[in-house]
Structures are given as C-alpha cells and as structure tokens.
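Notes for the one structure printed next.
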Amino acid sequence: MNTATATPLLTRLARIAHERGLDTTPGPVDDDPHPDLPGHPAYHHRQRVNAALTKFERATPPRYLTASTEHPRVCDWADQVAADVTQAPSLMLWGGTGTGKTHAAFGAVRRIALTGPIRFGFLATTFPDLYAALRPGAGNDEERERLMRRVLSVPVLLLDDLGTTKSSLWTEETTYRIVNHRYNRMLPVVITSNEPPAALPELLGDRIASRLIEMTTRVEMTGTDRRLSR
C-alpha cells in the first residue's frame, strides 16, 4: 500500500472511530518497562542468573550446591571471570587435606553464576573420574570424544584432586591435551591439589607444569582438616 492510498484510508478510519465515540489520540509511549517485564535490564539480568545457576547446579554435587567463598584472592579471580571469561586467568587452589579447596572452588564458580554472565557453561569432575571416563575401553569412542570436546571447550572447567592418580604416559598426554587447548584459547580451569606448585614439574612433566604456572592464579589454602573437627 502506497502513501497516496493509505492517507484516505486512515482518514476514513479516524472518521468512523470519531462517529462511534472512540478516542484515537495516541497515548504516551512507555520507554521504561517494569523491572518484571521483558525489555527492562533487571528482568534480563535475572534470566541470565537463573540460567547460569541452573547450569551450575546440574554440574555440581549436592554437597556443594550452596558453596560460597570469602577468600579475597579467590573472589577476585571469580570477579575477573565474570567480567570477561575470555581474558581471565585459571585458578589453582592447593593445600593440605580438608582445608576447603573443593568448597572454595565450587563457591568461586557459583559466585560467577550469580552475576548472570552472558556466556556461561560449567563442567566439574575429578581427575580420577575424568581419566576413568576417557580411558580407552570405557564406553565407546564417540562418547569419549564427545566428553573430551566438552572438557576442551566448556567456558569454565573444574578439575578436582590433581595428583591423586598414578601417572602414566597416557594420563600425561591426556592432561597435556586438555591444559594446552585451554591455555591456547584462554579458557579458565579451576584445579585443586594437595601438591604445591613447586611439585608440578615432577608430578606432571615440564610441558604441563610450565603452562599451568603461567595460566593460573595460585592460592594456598591453609588450616587444619575441617572434616576431622566436625
């Protein structure tokens, strides 16, 4: 419909509305929608928070669903990831048994989820469980490769208990593939270990240790075994 045709039609419709007592005066346009409605920044932020928390909860063991952390350096790391997941370092939490490494690791990721990041994905496992799932003969090749692709590409990866599995050529190559891929693509990984950073070369080999040292913020968790004091 061109303008010449539309103008008489609109005039006729306005006349009919007037004859029927209808007010066709345009009302004010609401440029500030209610916070509970789509279009308002607060609404979309809540949607992102809910989506991120859902992903966090699906990947998290029940014990750590409400985990939190108040460690300043761990909180700072989480805030860096929340601000820009592609520019943040990885995180290594190390210390003795029962010092809260795993709790703080999940707490850090939950802190990220609560900010409602635009791009959030999460996978959590232990090194022993990961090796068991990826080892040749565990399931079929397609399932193993699908898991490996997920480990390599998920925005935030948590790997618990580094150093609790007996090292072999296969575990070293598998670990190198994961660490090197995420190192090159600047994808953060959270690692917990009882071993200090100085032990990484002997534990993992120089190639892996060098990358982990460069890519991680390393935080020592101190204190006594909290499990024994309960």
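Every number in this text was worked out from the coordinates using simple rules, so none of it is lab data. Please read these numbers as outputs of a predicted model, since none were measured by experiment. Neighbour counts are summed over all protein chains in view; Cβ atoms, including those assigned to glycine, are modelled from backbone coordinates with ideal geometry.
If you scan region 168-187, which residues turn out to be within 18 Å of Met92 (Cβ to Cβ) and either outside any helix (DSSP H, G or I) or in contact with a His (Cβ under 7 Å, 6 or more places away or on another chain) (or both)?
Of everything in region 168-187, those that are within 18 Å of Met92 (Cβ to Cβ) and either outside any helix (DSSP H, G or I) or in contact with a His (Cβ under 7 Å, 6 or more places away or on another chain) (or both) turn out to be Met186, Leu187.
In region 56-63, is there at least one residue being touching a Ser or Thr at 6+ places or on another chain (Cβ under 7 Å), assigned to a helix (DSSP H, G or I), under 25 Å from Arg150 (Cβ atoms) and of a type in the set (D, E, K, R)?
Checking region 56-63: not a single residue is touching a Ser or Thr at 6+ places or on another chain (Cβ under 7 Å), assigned to a helix (DSSP H, G or I), under 25 Å from Arg150 (Cβ atoms) and of a type in the set (D, E, K, R).
So in region 42-57, with the set limited to residues that are under 20 Å from Thr102 (Cα atoms) and in contact (Cβ under 8 Å) with a residue 40 or more places away in the chain, which one is surrounded by the most Cβ atoms within 10 Å (Cβ to Cβ)?
This residue is Ala52.
Return the pairs, sorted by first residue and then second, in which the second residue is part of a helix (DSSP H, G or I), the first residue lies in region 63-84 and is farther than 12 Å from Ala105 by Cα, the beta carbons are less than 7 Å apart, and the residues are 6+ apart or on different chains.
Close Cβ pairs satisfying both conditions: Val81/Ile112; Ala82/Ile112.
Return the residues of region 203-230 that are more than 17 Å from Leu158 (Cα to Cα), of a type in the set (S, T, N, Q) and surrounded by 14 or more Cβ atoms within 10 Å (Cβ to Cβ); say none if nothing qualifies.
Of everything in region 203-230, just one residue is more than 17 Å from Leu158 (Cα to Cα), of a type in the set (S, T, N, Q) and surrounded by 14 or more Cβ atoms within 10 Å (Cβ to Cβ), namely Ser210.
Test Asp161 against the criterion of being at positive phi and not small (Gly, Ala, Ser), and give yes or no.
Yes: the conditions hold for Asp161.
Return a yes/no flag: does region 159-175 have any residue that is more than 25 Å from Leu228 (Cα to Cα) and within 17 Å of the chain's Cα centre (by Cα). Break it down into steps so the answer makes sense when it comes.
Step one: list which residues in region 159-175 are more than 25 Å from Leu228 (Cα to Cα), which gives 166-175.
Then keep just the ones that are within 17 Å of the chain's Cα centre (by Cα); that gives none.
No: region 159-175 contains no residue that is more than 25 Å from Leu228 (Cα to Cα) and within 17 Å of the chain's Cα centre (by Cα).
For region 186-202, which positions are out of contact with any strand residue (DSSP E or B) (no Cβ under 8 Å at 6 or more places or on another chain) and either touching a residue at least 40 places away in the same chain (Cβ under 8 Å) or surrounded by fewer than 16 Cβ atoms within 10 Å (Cβ to Cβ) (or both)?
Scanning region 186-202 gives Met186, Ala198, Ala199, Pro201, Glu202.
Just the residues that are more than 20 Å from Thr125 (Cα to Cα), in a helix (DSSP H, G or I) and out of contact with any Phe, Trp or Tyr (no Cβ under 9 Å at 6 or more places or on another chain), please, taken from region 31-55.
Residues of region 31-55 that are more than 20 Å from Thr125 (Cα to Cα), as a first pass: 31-51.
Now drop any that are not in a helix (DSSP H, G or I), which leaves 41-51.
Pro41, Ala42, Tyr43, His44, His45, Arg46, Gln47, Val49, Asn50 - these are the residues of region 31-55 that are more than 20 Å from Thr125 (Cα to Cα), in a helix (DSSP H, G or I) and out of contact with any Phe, Trp or Tyr (no Cβ under 9 Å at 6 or more places or on another chain).
Checking Ala108 against (1) aliphatic (A, V, I, L, M); (2) farther than 26 Å from Leu228 by Cβ; (3) crowded, with 16+ Cβ neighbours inside 10 Å, only one condition comes out false. Which one?
If we test Ala108 against (1) aliphatic (A, V, I, L, M); (2) farther than 26 Å from Leu228 by Cβ; (3) crowded, with 16+ Cβ neighbours inside 10 Å, just (2) comes out false.
Give region 120-160 a look and list any residue that's outside any strand (DSSP E or B), among the aliphatic types (A, V, I, L, M) and either touching a residue at least 40 places away in the same chain (Cβ under 8 Å) or crowded, with 17+ Cβ neighbours inside 10 Å (or both), or say none. Talk me through it step by step, then tell me what you get.
Kept after step one, since they are outside any strand (DSSP E or B), are these residues of region 120-160: 120-121, 127-155.
The next check asks that each one be among the aliphatic types (A, V, I, L, M); those that pass are 130, 132-134, 138, 147-148, 151-152, 154.
Within region 120-160, Leu130, Leu134, Leu147, Met148, Val151, Val154 qualify.
Look through Thr115, Thr99 and report the one residue that is over 19 Å from Arg46 (Cα atoms), surrounded by 14 or more Cβ atoms within 10 Å (Cβ to Cβ) and of a type in the set (Val, Ile, Thr).
Thr99
Only residues that are more than 15 Å from the chain's Cα centre (by Cα), in a loop (DSSP other than H, G, I, E, B) and over 13 Å from Asp160 (Cα atoms): list them for region 69-97, please.
Thr69, Glu70, His71, Gly96
Filter region 161-174 down to the residues that are in contact (Cβ under 8 Å) with a residue 40 or more places away in the chain and polar (S, T, N, Q), then identify the one that is farthest from Phe122 (Cα to Cα).
Per the stated criteria, the residue is Thr171.
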